[in-house]
1. For segment B:95-130, how many residues meet the condition of being buried (at least 18 other Cβ atoms within 10 Å of the Cβ) and part of a loop (DSSP other than H, G, I, E, B)?
2. For residue B:357, which of the numbered conditions (1) touching a residue at least 12 places away in the same chain (Cβ under 8 Å); (2) more than 8 Å from every other protein chain (Cβ to nearest Cβ); (3) surrounded by fewer than 24 Cβ atoms within 10 Å (Cβ to Cβ) fails to hold?
3. For segment A:181-196, indicate whether the set of residues that are in the same structural domain as residue A:229 (by TED's automatic domain parsing), touching a residue at least 24 places away in the same chain (Cβ under 8 Å) and assigned to a helix (DSSP H, G or I) is non-empty.
4. So, in segment B:188-218, exactly how many residues are under 22 Å from residue B:256 (Cα atoms) and more than 10 Å from chain A (Cβ to nearest Cβ)?
5. Here is a check on your reading of the model: is residue B:213 farther than 23 Å from residue A:248 by Cα and within 25 Å of the chain's Cα centre (by Cα)?
6. Quick test for you: out of B:412, B:441, pick the one residue that is touching a helix residue (DSSP H, G or I) at 6+ places or on another chain (Cβ under 8 Å), within 13 Å of chain A (Cβ to nearest Cβ) and farther than 19 Å from residue A:329 by Cα.
7. Out of A:413, A:387, A:395, report the one residue that is surrounded by fewer than 20 Cβ atoms within 10 Å (Cβ to Cβ) and part of a helix (DSSP H, G or I).
8. Hey, among the residues in segment A:11-33 that are surrounded by fewer than 18 Cβ atoms within 10 Å (Cβ to Cβ) and modelled with pLDDT under 85, which one's nearest to the other protein chains (Cβ to nearest Cβ)?
């Protein structure tokens, strides 16, 4: 059926509407890898909810884990809590908590009330953490044995619960005394040890741990410095609360870098997907645009101060947007390198002066090159060396200004506790625009006798 | 020693210069987590090389794994091959291959000649893959046993090589017949099985595999759909070539999203770090800027066609950069959402029309809002309703144009095989600038009698 293949959402929408569970489950199972998110996006909103109701909870959970979190939360919100709870039950603890954390408070409470009490209390605890700290990233599915155990006890427990544990990411088992981690057992060591051996002899003692409020950067540094697959997380009283795995940290870093990119381009307030309601999308974009329009008016007001110069040298009007745009480009390159170096940890806010000195040299070279290019364009267009000198000098100097600001502003914003991904762009363009308009128009005013009439 | 703590690179530079190995090794070991990259960046270039020569190869390898790859390759390049080879020997196969792949050909060959023949041939094979396909991401450290083995054979081998395997990320052992994977052994199952059992009975048969040329997106989809920690990679003849782990894929996705952000801001040709030579940094940035300056001149030439209008309504010069900048902002928001949705897999290039229809509605709303704002500013400034109408209408319409182009251009570029992260920005700003200048100045020309003298 080539048609069903090319438009699988149509077939799924049809099966959803007639309520054919079996055919639906096999249609979902047959979706090509990575197609689930796109197919669900294409379904009408009612069909998405209906689809989840019809699928077996385990299959529904698989589907939900494949679609973006913000979309998944919107879907779960539409389901009655008694239908959502069995689906959540099939998901790992960290994803449960992320979804519950993304729901509005009343919906979250209603859902928790439908879950098994122990699972609900775990999820409530995990959802109470900030998303980008160890507590928010950890899983609570781990193996944990008292210090007095023997190897045979551990193996016996694993055998007994092998079905449950088959969903765990088991690399290590943790040894605890009064809830505090005292050692780590490597699964490989367990495999090779005699059954009678005490785990206290086999374990690696005094395991490294991280605090449950350790931020993502600290976790990234931890896994950079240690070749571990996971690290135990302890709460304020020193008790084992969960395990953060390397892959959780990698996923969170990828998500953060995606969010930073969106913010730097003016998508604020979390992710935007085009499946979201029109008014939400419009309002969020507009909140950032309207600040920018004000900043733009402020910057352009510099031009208004030089109306007489513009009146006599109308050719300058052509170069105003060029100076503004090119300085923005140069400055944004410097912003991008600083953001990247901050992420990689090769610079810190205190390095602003060093960064600035590195940008000045690039700014001098590139300013010179761009200034010469634009001067040549001006000369070719109007045949005036003076016009070339004015626009060339203004662009050259303003490139220097732009890279200086672009390189250092992310560091200064970070030091002030402002999110550099969000604020660097607007600060950069406002200041460089004002400065560029001022340079071009004041140079032109000084050279007015040689420029008039161009 | 508070001074040594606040400026550890000074102490390390000092120890490097006097050549005190022991003190150096303890100083490096004492570096706070995540500080290594920043400290190495602060050392003069000669000291960086000298430091690696003085450190024990294992410690040097640890240090190199913590600094950005491009910086690590530059460092390795400076070392004599006979000093670099022992350091590489201490690194996992995928990182070895990445570093060798980043070296110029003669240096790579010299280094391979110094390595153990088997290690060198592995590294050569891995380095021959593109970096973002399964072959380029896989590791060759995995456990692999013939189909005829018994559980006791496997455990015996693991015991015998426990020191070597301690560096492996062991979740599974693979069962092969004539080099082809026939099954996967879960480590947990091995743990619980009787020694005499044949692995052929214990293993999961017909394991899923990926081809060595499977691209990163396919791998991301694979791990989205399957809760595995790793997947065996097979070459064209179906033989087991390595294992790609979930964490390798997560790391590669994070790296790609970082690279996309840099490209979208005009940092081309790979990563830029400020430790790179000035001329390299300047040249790379300039290659992108000089294309942009040409595109800017083309766009601004629209303004030159309306010199007479500008001459009579000089106030328009103030609004030219505002229209250009605000349309760029609106368009870049749409670009960012499309790039994000492409990454998440919720849209594909064939969805361009649907994306466009979703953008049109946001563009109408936001264009109206921004148009009213700028019209109010114009009215307040010059007291002319006509000026307000002209600039408001131009910005409103051009917002619609900008989001239409911004939303669809990444999809069209992707379909044409052009990198949307690199090209979307310049295409967007050039077209929207031209269109915006044309709208503003042609509306003004039509209304000239009511605007003259503003």
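The values are calculated or read from the model by the stated rules, or taken from the named source; none is laboratory data. What you see is a predicted model; the values in this text were computed from it and never measured. Please note: Cβ atoms are built from the backbone with ideal geometry, for glycine as well, and neighbour counts cover all protein chains shown.
1. 3
2. The one condition residue B:357 does not meet is (1).
3. yes
4. Qualifying residue count, segment B:188-218: 7.
5. yes
6. Among B:412, B:441, only B:441 is touching a helix residue (DSSP H, G or I) at 6+ places or on another chain (Cβ under 8 Å), within 13 Å of chain A (Cβ to nearest Cβ) and farther than 19 Å from residue A:329 by Cα.
7. On inspection, the qualifying residue turns out to be A:413.
8. Here the residue is A:33.
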